[in-house]
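What follows is calculated from the coordinates using simple rules that are stated; it is not laboratory data. All values derive from a computational prediction rather than experimental measurement. Here the Cβ positions follow ideal geometry from the backbone for every residue, glycine too, while neighbour counts run over all protein chains shown.
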Amino acid sequence: MLVTGKETRERVDLLCTGTVGFLGSHVLLEWLHSHPDGRVLCLARGAPGAAPRERVLAALATAAADCGTVFDVGAFARRVTVLPADLRVLRLRDDPGWQAWVRATDGFELLHGAANLSFREEDRGEVWSSNVDGTRQLLAELADTSGLHAVNYISTAYVSGTREGLITEEDTRCPEAFTNVYEESKWYAEGLVREHAASHAVGVRIFRPSIIIGHSRTLRTSSRTGLYKVVELLWRAAGHIPEGTPSVRLPAKRQASINLIPVDVVVDEMLAILDQGAATTGRVYHLTNERPLSLADLVYGVPPLIGLALEAEFSGAPRPRDNLVETVLLRKMRHYLPYLCYERTYDRTNVRACGADHGHAGDWLDLVRMREFVQAFLDELEAEARVVSGARSPDGTRVSDGTRVSDGTRVSDGTRAATAALATAPSGALVGSSTGAESVL
Ligand SMILES: NC(=O)c1ccc[n+]([C@@H]2O[C@H](COP(=O)([O-])OP(=O)(O)OC[C@H]3O[C@@H](n4cnc5c(N)ncnc54)[C@H](OP(=O)(O)O)[C@@H]3O)[C@@H](O)[C@H]2O)c1
């Protein structure tokens, strides 16, 4: 059981990390709407050619576009303060901007969502330094700050590692193994947050979303991680797979499910819990889908949209691969394949107990809806590919700043480069060595 927080005061401001990112920008946007007097301090990094404040405001505009609305900078900007900060080398205490913000607040909560989401073992050092050392540093900087009511940590449902069966919110044991360094780092960071809360007598909430997808109404997303990364990978490959190639077999477990949840549902639940103040501190919350899609639904229902034939192989011991395309695709998907083999259910007792589960009344993410989500993303990829080859978006508008088409969708440099490379790659390059095929697929 975690430490319960101090009484919540009337107006509680927010100190946020991760607001340049997908989930963080959506949470912040909704919080600004629903807390008209609330003030936010964002800790964010700059990027080449973009100051941290610009990046946060641009992320809010993208989140608003995902929601089908327009971000009114004038209405919010004065309530949003941004301090340049890389968590790995964070120094807050002596920062005059920080001191001024803390002096002016009556009390605040931390919402810590910044993280490196790489699953790659090669990135272990980077992932660990942002997710674990960065969290440690952030908490150390806040240690003696008065006015901090609660620490809210955005973790992941996948701190469950390789564990299967019923995963309860209160089970904080270390799993036997983790699927990747990302899961491991998030589990360790949860521990740091809990320890900090206990030793400093502040409230703590740990939010554990599953795989976040776009907005439930508009289907739009600015995310390129998780499901979207896999769909993009398959989409890139699809155009280069010679006709007659046998279907690609994915090793999987028959009862596995893939837990996907729209970003607005995650945000609604998170804020519904946060807004109850001290009553909801001291707990872990699974922000997960109560009716996840089965693995078979996804494997047989989605790839036809991409023009690929996949099959789930439930045999346990995968048969030898004699198909070059399959060998290469499975290698490319290696970080995601383990998730096809977990049979588990995420319990949501704590979310239900505080009445935050209102978004789960119906079966809203059935296969039909899921296909609409994927189709919307594929349409976006196709539009980006057209922009790369013709420098015009489908409605004929020219790409303005090289990063966005006119409707606000993002065109990443990585996608631009990869799409351009694919556009010129001969499909015959797939025949031959796996190195040749890998560079094309
Ligand atoms: N997306 C999902 O499906 C999902 C599912 C479960 C849990 N989560 C959790 O939700 C949170 C947000 O995920 P997301 O999908 O929104 O990821 P995201 O779009 O990659 O955003 C993460 C943000 O964290 C920032 N960040 C990383 N390292 C940092 C550092 N050292 N200092 C300062 N900022 C740093 C990044 O800033 P830069 O832009 O400067 O790199 C980025 O804007 C994460 O904690 C993640 O673990 C996400």
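Amide hydrogen proximity for residue 50: with H placed 1.01 Å from N in the peptide plane, no residue at 5 or more positions away or on another chain lies under 5 Å. A Cα-only calculation for segment 101-186 places Rg and Dmax at 15.4, 48 Å. Stokes-Einstein diffusion of segment 151-199 at 10 °C, 1.306 mPa s viscosity, Kirkwood radius from Cα pairs, rounded to a whole number: 141 µm²/s. Taking the Cα-to-Cβ direction at residue 69 and at residue 171 and moving 7 Å from each Cα, how far apart do the two end points lie in nm? About 3.8 nm, to one decimal. Kindly provide log₁₀ I(q)/I(0) values, in the same order as q = 0.10, 0.11, 0.21 Å⁻¹, from the Debye equation applied to equal alpha-carbon scatterers of segment 175-330. Rounded to two decimals, the profile gives -0.52, -0.61, -1.45.
Diagonalising the gyration tensor over the Cα atoms of segment 291-356 and scaling each eigenvalue by 5 before taking the square root yields semi-axes of 31, 15, 11 Å, largest first. When the alpha-carbon atoms of segment 67-222 are used, the pair Rg, Dmax equals 17.4, 50 angstrom.
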